[in-house]
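Structure first, then comments.
The values are calculated or read from the model by the stated rules, or taken from the named source; none is laboratory data. Note that this is a predicted model, so its numbers are computed, not measured. Neighbour counts are summed over all protein chains in view; Cβ atoms, including those assigned to glycine, are modelled from backbone coordinates with ideal geometry.
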Amino acid sequence: MKRMTALFSAALLSAGLMSATAHAQQDPAAAPEQPQAAAPAMDFSDEQLQQFADASQEIAVISQEYTERLHAAEDEASQQEVRMEANDKMVEVVEESGLDVDTFNAIGQAIQQDPELMQRVQEMAQS
């Protein structure tokens, strides 16, 4: 669940969907890990940042679709099923972009810490 939360949070942040991050952060235990994981922020290549930007755009669409489905789910079991399906799709998108999930999450956390890096990724996403 921590992997999905971090992935979801990074995707929503990079897509500028800050209002949805509270919904995505279902596991409060994941929050204390974020500042520590973002330490090697400047170790990402331009290619990795572009891959992150591309994957983030696709993940933002997936997260919107699954957020709607999550709200429509009637019970906890249905909600968990929706979360797992969303997670699988997001992981697939990240891996198809050429990144592994840990690198994608690390970039997402790094852009939360570094406004210049965030700007750079946003510009890559727009081009």
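Selection of segment 80-90 for residues being touching a helix residue (DSSP H, G or I) at 6+ places or on another chain (Cβ under 6 Å) and not charged (D, E, K, R) yields 82, 86, 87, 90. When the test is whether a residue is over 17 Å from residue 118 (Cα atoms), at pLDDT 95 or above and not hydrophobic (A, V, I, L, M, F, W, C), residue 97 passes it.
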